[in-house]
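What follows is a single structure, written as structure tokens, with notes after it.
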Amino acid sequence: MVDLVVGVDVGGTTTRCLVVSASGSFVGAGTAGGGSIRSSAGLPAEQLALALSSALAGLPVASVRAGVFGIAASGSAAGNLARDAAVLAWKSTGLAGSPRVVTDLEVAFAAGTSEPSGLLLLAGTGAAAASFSSRRMVRRCDGYGWLLGDEGSAVWLGLRGVRAALNAYDGRGPATSLLDAVAAHLDLRSDFAQGVIAALHAREPAYLGQFAPLVTDAAIAGDAVAAALVDAAASRLVAAVRTVWNGEVADLVLAGGLLLADGPVRQAVLGQLDTPPLRPRDAGPGAAGAAVLALASVAGAVDAEVYNEVLRAARVAELDS
């Protein structure tokens, strides 16, 4: 019976599960809705269990040696809730033992470099920077959730884009194409302000991230208000990196939709960063990072060949999804 490990990347909008062999080869994969304790709708444990059961369909669960869940907010005040959700999902799928639960920052870093030490900058639904030693996070900046932080994230940028549209609508702020873009996105034909209020207060906070592309698209088209918001987001992200960096040569893993897309936020961040000595590297799928950590918990170390095989497995999973 071949030993298997499970890696689960739990985001605000999507949960992805990857099952690999001890050599890193693809075995199974599954997806479900977001399972973030802070920003996802519904019950997180249900989404985690759905992704797990899909990935493990037809596989002998007794072969699973270890599992790692990367969950946003699992290192915070909501950490116990995140761990409870992961354990409940794990047990409901018939798996023995308990999974290890880490932050989404740890799986993102592991998905971007085979080096055990370095830096991470993440800007997706949330945002944070962190430094790592021996794959353990030793310092972090931000990642405080949409209400208190996550500065430069898609939610942060999307919320400010909507605010700019409202300011243009009622005359408090300058004219911006974001007014028409937000109205079109929400299919509002009259009473813009009340329509925005009704639409956004009825949705989970992570939904605000859907407005970030409106801001970046407007910035590319030359909208001054949107461009200023993009620059503000990049400045906050760069400040977070500099807070956790000791000035030495290091890999800098870039993760999250805003930084992996070749758009204005990524370009502004790279333009403001001190590279070299930082070596920017794009993160692979988060589930791959979780699987690498699961393999490391069993084998003690993951060599470059196995590491690259896990990344290939994760990309196979994305093609099949």
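D for the chain, whole µm²/s, Stokes-Einstein with Kirkwood Rh over alpha-carbon pairs at 25 °C and 0.890 mPa s: what number? It would help to have the intermediate numbers written out before the result.
Numbers: Rh = 20.0 Å.
In µm²/s, the coefficient rounds to 123.
Counting only Cβ charges, +1 for Lys and Arg and -1 for Asp and Glu, the dipole size of the chain around its Cα centre is about 560 debye.
Take each of the peptides 213-223, 260-270, 280-290, average the number of other beta-carbon atoms within 10 Å over its residues, and list them starting from the highest.
Numbers: 213-223: 20.0, 260-270: 18.4, 280-290: 25.6.
Per-residue mean Cβ counts within 10 Å order the peptides as 280-290, 213-223, 260-270.
Can you order the peptides 224-234, 293-303 by their average number of other Cβ atoms within 10 Å per residue, highest first?
Details: 224-234: 21.1, 293-303: 17.8.
Top to bottom by mean Cβ count within 10 Å: 224-234, 293-303.
In this entry, the range 187-255 is assigned a mean projected area of 7.0 nm², taken as a quarter of its C-alpha convex hull surface.
Overall dimensions of the range 95-149, expressed as equivalent-ellipsoid semi-axes from the Cα gyration tensor (√(5λ), whole Å, largest first), are 20, 17, 10. Considering only 152, 130, 171, and ranking their Cα positions along the charge dipole of the range 125-193 that arises from unit charges at the beta-carbon of Lys, Arg, Asp and Glu, the one farthest toward the positive end is 130.
Applying the Kirkwood pairwise sum to the alpha-carbon positions of the range 275-321 produces a hydrodynamic radius of 11.7 angstrom. Using Cβ point charges alone (K and R +1, D and E -1), the dipole size of the range 238-317 about the Cα centre works out to roughly 200 debye. Three principal axis extents describe the C-alpha atoms of the range 43-174; from largest down they are 63, 34, 26 Å. Evaluated at q = 0.13 Å⁻¹, a Debye calculation over the C-alpha positions of the range 218-321 (equal weights, vacuum) places log10 I(q)/I(0) at -0.63.
Basic side chains Lys and Arg get +1 at the Cβ, acidic Asp and Glu get -1 at the Cβ, and with that the dipole of the range 72-150 about its Cα centre reaches some 260 debye.
Given the C-alpha centroids of the range 88-151 and the range 201-252, what is the distance between them in whole angstrom? The distance from the Cα centre of the range 88-151 to that of the range 201-252 comes to 19 Å. Residue-normalised convex hull volume from the C-alpha trace of the range 137-248: 113 Å³ per residue. The angle between the Cα long axis of helix 224-244 and the longest principal axis of the Cα atoms of the chain comes to about 40 degrees, rounded to the nearest 10.
Since every read-out is calculated from the coordinates, none of them should be taken as a lab result. In this text, all values refer to a predicted model and were calculated from it rather than measured experimentally. Quick reminder, even Gly has a Cβ in these numbers, built from the backbone with ideal geometry, and neighbours come from all protein chains shown.
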